[in-house]
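Worksheet: one structure, shown below.
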Amino acid sequence: MSAHFDIAGPTLLSAADRSRLSHVCAADKEAVAQRAVGEVAVLSGFTVAQLTGATRRRSICEARDIACLAAFNAGASYSAIARVLGRDHSTIISAVKRERKRRAPK
């Protein structure tokens, strides 16, 4: 299964970093989510533990939202993303909506 991250737009990531994330292959939805979280962690300068942790620090929350949107756009389900991040699927739905709103043309 080929997965494609749609991570264009204003983010914490540079254009070169977004390019690195543009194509990810994964066998299942949870693997896609794990890969997205790992890549966003590396590119944003945070650890996976910080992204999956309970912190509400704005910069980490924004990176977490980016990971949620990237994973969802790559084919991971809300539930798979929630399992990887240790959150409820409704939290992931909110994160995806929030990140889409940040990227919407003004």
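The values are calculated or read from the model by the stated rules, or taken from the named source; none is laboratory data. Here the structure is a predicted model, which means the values were calculated and not measured. All Cβ positions, even for glycine, are placed from backbone atoms using ideal geometry, and neighbour counts span all protein chains on display.
Quick notes
- Condition met for Arg87 (at pLDDT 95 or above and loosely packed, with under 15 Cβ neighbours inside 10 Å): no
- Per-region count, region 47-106, residues aliphatic (A, V, I, L, M), assigned to a helix (DSSP H, G or I) and farther than 24 Å from Asp28 by Cβ: 1
- Scanning region 77-99 for residues that are among the charged types (D, E, K, R) and under 15 Å from Cys61 (Cβ atoms) yields Arg87, Lys97, Arg98, Glu99.
- In region 39-71, residue nearest to Val84 (Cα to Cα) [restricted to those that are among the charged types (D, E, K, R) and surrounded by 14 or more Cβ atoms within 10 Å (Cβ to Cβ)]: Arg64
- Pairing each residue of region 83-96 that is touching a residue at least 40 places away in the same chain (Cβ under 8 Å) with any residue that is small (Gly, Ala, Ser) and assigned to a helix (DSSP H, G or I), provided the two are 6+ apart or on different chains, yields C-beta distances under 7 Å for Val84/Ala33.
- Of everything listed in (1) at pLDDT 90 or above; (2) in contact with a Ser or Thr (Cβ under 9 Å, 6 or more places away or on another chain), the single unmet condition for Arg100 is (2).
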